Structures are given as C-alpha cells and as structure tokens.
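All remarks here apply to the structure that follows.
The values are calculated or read from the model by the stated rules, or taken from the named source; none is laboratory data. Since the structure is predicted, the reported quantities are computational estimates derived from the model, not experimental observations. Every residue, glycine among them, receives a Cβ derived from its backbone with ideal geometry; neighbour counts consider all protein chains shown.
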C-alpha cells in the first residue's frame, strides 16, 4: 500500500469512528450477495400463481426454477404454465424458459425483475390431443405471462440491514449476477438519496 493510500485510510478511520458499530458490518468487501436459495424461499411463498387472461383463459404459473446467468447479468427462470379455457375447461400446459434483468428499487428496498425475455416455450407431451386446448394458445399467452413478472419483487432487504446503511451513510447500488448469487454493491449515499423510512 502506498504512503498516500495509507494516510487516506488512516484519516478515513478517524472520520468514521463515530459510526463504528454500524460500519463494522460493511468493512472489507463493498458488496454482499443474496444467494439463489434466499430468492427461492421468497418465491416458494408466492407461487403457484393463478390469474385470468383476457377474461377467457385461466392460467396457473408454477414456482419458477431459477438459474444464475452471470455471463448475461441476468436471472433465468423455468416456469410451468397451465392454461384453461374458462368456457370449456380444456387445458394446455408446458414450460416457459425466460430470463430477466434485475434492478434495485430504493422506495421499498426490493430487488425486482426487469426486462423480461421469453427464450423458449416447451410443450408437454401429448398436447393437441382430442379434448385438449390447442397448444398454440400456450404460445400466444407465453409472452404476456412473462411480462406479468416484469417489476416483480424477488427479495427485500431486511430492516436491520437498512438501519446499518442509514447510520453508515451508504446505500445499495449496482446489482450484478455472479456464480454465487445476486451481488449488491454498497456505495456512499448521495445527498438526494433516501432509504425507506425506519420501521416503527
């Protein structure tokens, strides 16, 4: 370490000493990682999801099977989809292969899906048989279903994390998908930035 950097670091310790209890959690790497299992746990409480589409079709969306795509900085999702004709009860089913970008929403301290992209529609075996819904309905509905997950919250930072950041004068910044999970960079809080209000 150069002499200049050593002095800067020493000065930093002095200036930040009053906030030591809060800063202790942020010393070292300026990032923390949300594991895929943590996101899976959130989604498991919210799926399966049932909706009515165009007042004609009912669909059920199974719990997404997630995949980290660090090379694209995206999150992959494989979702089971079953569509039912509300009038006849006929069904079609398959799996949607989609991917999403991620963004941090400061208003409620959430990590949200963004920029949905439908990669592939995989039909279940036996689709199109007599008495079943035309599988093309699945192909038609798939992009609409993927867009329904746009801006969907997949994780929220804990109140204690937010309080530590508030006291330390830092905030969540850029999100990156890595082989270990979703990495959140911590950066100095800008004057105009606000963390969500302190609970209670």
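Data table
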quantity	calculated
Sole exception among (1) farther than 22 Å from residue 35 by Cβ; (2) out of contact with any strand residue (DSSP E or B) (no Cβ under 8 Å at 6 or more places or on another chain); (3) surrounded by 14 or more Cβ atoms within 10 Å (Cβ to Cβ) for residue 164, by number	(1)
Single condition residue 151 does not satisfy, out of (1) at negative phi; (2) modelled with pLDDT of 85 or more	(1)
Pick from the stretch 121-130, criterion over 17 Å from residue 78 (Cβ atoms) and touching a strand residue (DSSP E or B) at 6+ places or on another chain (Cβ under 9 Å), ranking: modelled with the highest pLDDT	127
Filter pass, residue 113 being buried (at least 17 other Cβ atoms within 10 Å of the Cβ), under 13 Å from the mean Cα position of the chain (by Cα), in contact (Cβ under 8 Å) with a residue 40 or more places away in the chain and more than 25 Å from residue 138 (Cα to Cα)	no
Unique match (being surrounded by fewer than 17 Cβ atoms within 10 Å (Cβ to Cβ), under 30 Å from residue 139 (Cβ atoms), at pLDDT 85 or above and in contact with a helix residue (DSSP H, G or I) (Cβ under 9 Å, 6 or more places away or on another chain)) among 51, 103	51
Options 59, 32: the member that is crowded, with 16+ Cβ neighbours inside 10 Å, within 22 Å of residue 161 (Cα to Cα) and modelled with pLDDT under 90	32
